[in-house]
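Let me begin by presenting the structure, written as structure tokens, before commenting on it.
The values are calculated or read from the model by the stated rules, or taken from the named source; none is laboratory data. Given the structure is predicted, the values throughout are model-derived calculations rather than measurements. Counting neighbours? That spans all protein chains shown, and the Cβs are built from the backbone with ideal geometry, glycine included. Heads up: the accessible areas ignore ligands, DNA and RNA and are worked out on the full protein's heavy atoms, side chains in. Shrake-Rupley method; radii C 1.70, N 1.55, O 1.52, S 1.80 Å.
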Amino acid sequence: MDSKELSAGARIMLLRSEKGFSREYLSERAGISTKFLYNIEIRGSGFSARTLLRIAQELEVSTDYILMGKGNPQYDQKLFHTIERFEPDTLETVKRLLEIAYELAGKK
């Protein structure tokens, strides 16, 4: 099944399983209850942007991937690890360099 056909909760559960995380582990790391994570994964319960961001950070994927299945989780993980190595005061420069690279690739 294409990841775009899955719900956000199903993508979270799939990514969690692929990483070998228990529901208890991910919920603790994301600052939510295990029951709430279960409800997100199984029942499709809604969640806040803050919760989405914490889960995405722990799973090392973009929020877009969780919400819409856009992107590639393996690529997201590599990009995430690369970006997190930069000091906070250099991130604006990194962002601008990425924007320039995107423009140079003809994606204006």
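Listed values, structure above:
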item	result
Contact order relative to length of the chain, as percent, for alpha carbon pairs under 8 angstrom and 6 or more apart	25
Furthest towards positive pole of dipole, Ser45, Gly20, Pro88, structure part region 17-108, Cβ charges	Ser45
Over region 1-86, volume per residue of the alpha carbon convex hull, in Å³	92
The chain: most fluctuating residue of Ile42, Ile12, Ile66 per GNM, C-alpha cutoff 10 Å	Ile42
Candidate residues Glu99, Glu58, Glu28: accessible-area rank, largest first, probe 1.4 Å	Glu28, Glu99, Glu58
Neighbour net charge for Leu91 - beta-carbon separation under 12 angstrom, K R +1, D E -1	-1
Rh by Kirkwood over Cα pairs, then Stokes-Einstein D for region 59-108 at 0.692 mPa s and 37 °C, µm²/s	271
Dipole magnitude of the chain, debye to nearest 20 (Cβ charges: Lys/Arg +1, Asp/Glu -1, about Cα centre)	260
Solvent-accessible area, 1.4 Å probe, carbon plus sulfur percent, for the chain	53
